[in-house]
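Chemist: Sharing a structure here in structure tokens format.
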Amino acid sequence: MADVERTVRDELAVLAATAPEPGDLVGAVRRRLRRRRRALVAGPLAGVAAVSVVVALVTGPSLPPVVGGVGEVAAGGAGSCHEMYSTETLPDAQFAFDGTVTGFGRPVSGGGGGPSYVGVKFTVHRWFEGGSGDAVTVDLQAPVTVVWASEESMSYGVGTRLLVAGAARWGGAPLDKPVAWPCGFTRYWDAQTAATWAQVFG
Amino acid sequence: MSRPLQRRRGGRDGGVTFEEFVAASGSRLLRLAYVLTSGDAGRAEDLVQTALLDMYRHWRRVAAADSPEAYARRVLVNAFISAGRRRSSSERPFEATPDGLGAPDPAEGVAARAEVRALLESLAPRARAVLVLRYYADLDDAAISAEMGIAASTVRATASRALATLRAAQPAGGRADG
């Protein structure tokens, strides 16, 4: 084995040897489950905002989506970016695909506070990572009104082609309650960026 | 006495109960989480509890799988990677200086290992997870691919880049003394 691999193996073994013994893991799981059930009871109130967004998208407004958008997709939701998009950070995504929006629905990643998501349905043209098949629904932060080419438009909508990267919201398999990441990880499609994503994900 | 968790999960029909699984595998999962988090006991415990909660909620399906422990590792590793993205991080991938680590000294071996340890801690979450699963958990690339939900080629490429970063920071062999 090469020296660096041996060193890595040795260092990780040394670290593992200092790990503490687990406490009452079953008890801890029980407590988390109780907290989660309390949050689920309170959750419908938090879900009202997301449902309102979905209703607005289904019945109006009548603004068309951006055509020919470039770069990051603007979306609703507060908060700062903990990690910005780059070819260095892109591989951290569990799933990534090239897809066109076909519709909207309820969020698929569950409640629990945080940003207001909508479930966005896609026809998938190409999977770069983490999925297969020609359709998927992932949660995105809701589209917002933008001014594009001097026209008011929705930042994205039915017919918008996007490059989408994200992860399972609560851990697990890539498409287990999937959420698309903001901060540049969800972008308008263009051929050059799509080629870069293909290269990054191998 | 509180109601045991296993009453509604698994049962005593020959299948492993959730509590039995935790008793058998809890220490191993915590050590894995501890190594992933570079020795952060609090984060490690949080990751293990996240994985176990997921397993408990799906225990009937998980218990019927070939390897519940592999399922737990998958949830744990993916939770680590997801949490790593959300954390405000000042970590940046180490960039090796052209001249290596400086002049050789009698404790060069110790210094080199300390440098490797620091470099391991600075790796992006997914790169660290790949190295931990390969060199601590002794999984082959196919198993890592399955557990992380990424292509085997991505596993190899990620490991290769991370090891290249570590190699570049090690002192060159055959450096002259003094």
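Chemist: For segment B:50-67, does any single residue satisfy the condition of being closer than 24 Å to A:W181 by Cα, open to solvent by 10 Å² or more (accessible area, probe 1.4 Å), touching a residue at least 12 places away in the same chain (Cβ under 8 Å) and within 21 Å of the chain's Cα centre (by Cα)?
Modeler: So far as segment B:50-67 goes, yes, one or more of its residues are closer than 24 Å to A:W181 by Cα, open to solvent by 10 Å² or more (accessible area, probe 1.4 Å), touching a residue at least 12 places away in the same chain (Cβ under 8 Å) and within 21 Å of the chain's Cα centre (by Cα).
Per-residue answers, yes or no, for (1) at pLDDT 90 or above; (2) farther than 18 Å from A:G69 by Cβ; (3) acidic (D, E):
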residue: A:V101; (1), (2), (3): yes, no, no
residue: A:G112; (1), (2), (3): no, yes, no
residue: A:K121; (1), (2), (3): yes, yes, no
residue: A:E129; (1), (2), (3): yes, yes, yes
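Chemist: Another question, if that's okay. Which ones in segment B:61-82 are away from every other protein chain (no Cβ under 12 Å) and among the basic types (K, R)?
Modeler: If the condition is that a residue be away from every other protein chain (no Cβ under 12 Å) and among the basic types (K, R), then B:R61 is the only one that fits.
Chemist: Moving on. Take A:K177 and decide whether it is within 21 Å of A:P64 (Cβ to Cβ) and in contact with a Gly (Cβ under 7 Å, 6 or more places away or on another chain).
Modeler: no
Chemist: Consider B:G100 against the criteria (1) open to solvent by 40 Å² or more (accessible area, probe 1.4 Å); (2) on the phi > 0 side of the Ramachandran plot; (3) modelled with pLDDT under 85: it satisfies all of them except one. Which criterion is unmet?
Modeler: Condition (1) is where B:G100 drops out.
This table checks each residue for (1) away from chain B (no Cβ under 14 Å); (2) outside any helix (DSSP H, G or I); (3) open to solvent by less than 60 Å² (accessible area, probe 1.4 Å).
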{"residue": "A:V120", "(1), (2), (3)": "yes, yes, yes"}
{"residue": "A:V124", "(1), (2), (3)": "yes, yes, yes"}
{"residue": "A:V147", "(1), (2), (3)": "yes, yes, no"}
{"residue": "A:G157", "(1), (2), (3)": "yes, yes, yes"}
{"residue": "A:G166", "(1), (2), (3)": "no, yes, yes"}
{"residue": "A:G172", "(1), (2), (3)": "no, yes, yes"}
{"residue": "A:V179", "(1), (2), (3)": "no, yes, yes"}
{"residue": "A:Q192", "(1), (2), (3)": "yes, no, no"}
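Chemist: Here is a check on your reading of the model: is B:A79 part of a helix (DSSP H, G or I), open to solvent by less than 30 Å² (accessible area, probe 1.4 Å) and modelled with pLDDT under 90? Before the answer, list the steps.
Modeler: On the way: part of a helix (DSSP H, G or I): yes; open to solvent by less than 30 Å² (accessible area, probe 1.4 Å): yes; modelled with pLDDT under 90: yes.
Criteria met by B:A79.
Chemist: Does A:V138 satisfy the condition of being in contact (Cβ under 8 Å) with a residue 24 or more places away in the chain and either outside any loop (DSSP other than H, G, I, E, B) or of a type outside the set (S, T, Y) (or both)?
Modeler: Here the answer is yes, as A:V138 does meet what is asked.
The values are calculated or read from the model by the stated rules, or taken from the named source; none is laboratory data. These figures come from a predicted structure and were not determined experimentally. Positions of Cβ are generated from backbone atoms using ideal geometry, with glycine treated the same way; all protein chains shown enter the neighbour counts. Accessible surface areas use protein heavy atoms only, side chains included; no ligands, DNA or RNA. Shrake-Rupley method; radii C 1.70, N 1.55, O 1.52, S 1.80 Å.
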